[in-house]
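Accompanying notes for the structure given below.
The values are calculated or read from the model by the stated rules, or taken from the named source; none is laboratory data. This is a predicted model, so every value here is computed, not measured. Here the Cβ positions follow ideal geometry from the backbone for every residue, glycine too, while neighbour counts run over all protein chains shown. Surface accessibility is based on the protein's heavy atoms, side chains included, excluding ligands, DNA and RNA. Shrake-Rupley method; radii C 1.70, N 1.55, O 1.52, S 1.80 Å.
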Amino acid sequence: MPVALPLSVGGATVPGMDEEYDDGMGLGRVEREILALERRGFPGPGAKERAVREELGLAPVRYYQLLNALLDDARALAHDPVTVNRLRRVREMRRGER
């Protein structure tokens, strides 16, 4: 039976967001949904941000903060290595461009 615990991203608890941990990896529902959203393709500008607001109920800025922390979380890597490694590569390329 799942146990309700506070959402944790990168080891830090996100206040006000109690989510169920039920995947055996310790990822909460929101964390899994963030990774699932990143696996999808979006048709045009603004579509992803709209999906973030409508499906997750998060502001895009907060979504990207959580996503960035999630990329450094070993639980996320274990849950979805293809997506996490792809996003890590993109992040490193962008950091190198600065």
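Considering only residues that are within 9 Å of the chain's Cα centre (by Cα) and either over 21 Å from Arg50 (Cα atoms) or in contact (Cβ under 8 Å) with a residue 24 or more places away in the chain (or both), which ones fall in the stretch 62-81?
Tyr63, Leu66, Leu67, Ala69, Leu70, Leu71, Ala76
Six or more apart or on different chains, Cβ under 7 Å: which pairs go from a residue in the stretch 25-49 that's without any contact (Cβ under 8 Å) to a residue 60 or more places away in the chain and open to solvent by less than 30 Å² (accessible area, probe 1.4 Å) to one that's among the small types (Gly, Ala, Ser) and not in a loop (DSSP other than H, G, I, E, B)? Could you list them?
So the pair list comes out as Leu27/Ala76; Glu31/Ala76; Leu35/Ala76; Leu37/Ala51.
Quick one: is Asp80 open to solvent by less than 40 Å² (accessible area, probe 1.4 Å) and among the acidic types (Asp, Glu)? It would help to see each step written out before you state the result.
Numbers: open to solvent by less than 40 Å² (accessible area, probe 1.4 Å): yes; among the acidic types (Asp, Glu): yes.
Yes: the conditions hold for Asp80.
Which of the residues spanning the stretch 59-77 are in a helix (DSSP H, G or I) and open to solvent by 50 Å² or more (accessible area, probe 1.4 Å)? Walk me through how you get there before you give the answer.
Of the residues in the stretch 59-77, the ones in a helix (DSSP H, G or I) are 60-71, 74-77.
Answer for the stretch 59-77, where residues must be in a helix (DSSP H, G or I) and open to solvent by 50 Å² or more (accessible area, probe 1.4 Å): Val61, Arg62, Tyr64, Gln65, Asn68, Ala74, Arg75, Leu77.
Is it fair to say Glu19 is at pLDDT 55 or above, open to solvent by less than 80 Å² (accessible area, probe 1.4 Å), touching a helix residue (DSSP H, G or I) at 6+ places or on another chain (Cβ under 6 Å) and of a type in the set (D, E, K, R)? I'd like the intermediate steps shown before the answer.
Details: at pLDDT 55 or above: no; open to solvent by less than 80 Å² (accessible area, probe 1.4 Å): yes; touching a helix residue (DSSP H, G or I) at 6+ places or on another chain (Cβ under 6 Å): yes; of a type in the set (D, E, K, R): yes.
When the stated conditions are applied, Glu19 does not pass them.
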